[in-house]
Amino acid sequence: MTQQDFRTKIGNTVFGVRATALIIQNRKLLVTRDKDKYYTIGGAIQVNERAEDAVVREVREELGAKAEARQLAFVVENRFEQDGISYHNIEFHYLVDLFEDAPLTMQEDEKTQPCEWIDLDKLEDFQLVPAFLKTALPDWDGQLRHIHLEE
């Protein structure tokens, strides 16, 4: 049985609640690449699931790795348009520790994508989504930040 997640569509707008993993080792961020864009590991939070449990589940599902959510870094209200559809996401971005080496591929359903480690000081050189991470993450002071994004 598939667990219901916090995503719904009303008209042309998709509303969702997501948890993403900021996996950082040696000042490098683990991302997955899809075409020319780079993304952190993560996905929709399921009904009755804690956000920190969701990010651990997403890491296990997508990377096959055991992880622990260490600290909530950013709460993001993210409104954007993609392929003619409007999105309004509430996102929880967690620092996550891996208990094993990260694979260099990510599996999402039937789709396999490569993973890469990007130096935090070079994030500006990549099309990282969401883009706020390019400037917020390298200088993050350890305090929870609330971010509003709107295209």
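Report the calculated FRET efficiency for Trp140 and Ser86 (r = Cβ-Cβ distance, R0 = 30 Å), to the nearest 0.05. It comes out at approximately 0.55.
Candidates Leu95, Ile24, Met106 compared by Cα position along the dipole of the chain: farthest toward the positive end lies Leu95, with charges placed on Cβ.
Taking only protein heavy atoms into account and a 1.4 Å probe, give the accessible area per residue of the range 107-149 in Å². Show your work: numbers first, answer last.
On the way: 2760 Å² over 43 residues.
Accessible area per residue: 64 Å².
Summarising the label geometry, the points placed 7 Å from Cα in the beta-carbon direction at Glu151 and Asn26 lie 3.5 nm from one another.
Counting only DSSP beta bridges with both residues in the chain, tell me the antiparallel percent, nearest 5. Walk me through the intermediate numbers first.
Numbers: 37 of 55 bridges.
If we restrict to bridges inside the chain, about 65 percent are antiparallel.
Among the listed pairs Lys28/Lys134; Lys35/Lys66; Lys9/Lys35; Lys28/Lys122, a Cα-Cα separation exceeding 20 Å is found for Lys35/Lys66; Lys9/Lys35. Please give the residues of the range 137-151, grouped as numeric ranges, whose backbone N is less than 16 Å from a label point set 7 Å along the Cα-to-Cβ vector of Arg70. Answer for this model: 137-144.
Just subtract the alpha-carbon distance of Gln127 and Gln3 from 0.36 nm times their residue separation and send over the number in nm, one decimal. It would help to have the intermediate numbers written out before the result.
Numbers: separation 124, 0.36 × 124 = 44.64 nm, distance 3.16 nm.
That works out to 41.5 nm of additional length.
Working from label points 7 Å from Cα in the Cα-to-Cβ sense, the Glu49 to Glu108 distance is 1.4 nm.
The values are calculated or read from the model by the stated rules, or taken from the named source; none is laboratory data. This one's a predicted model, so the numbers in the text were calculated from it and none came from an experiment. Cβ: placed from backbone, ideal geometry, glycine included. Neighbour counts: every protein chain shown. In case anyone asks, the SASA skips ligands and DNA or RNA and just uses the protein heavy atoms, side chains included. Shrake-Rupley method; radii C 1.70, N 1.55, O 1.52, S 1.80 Å.
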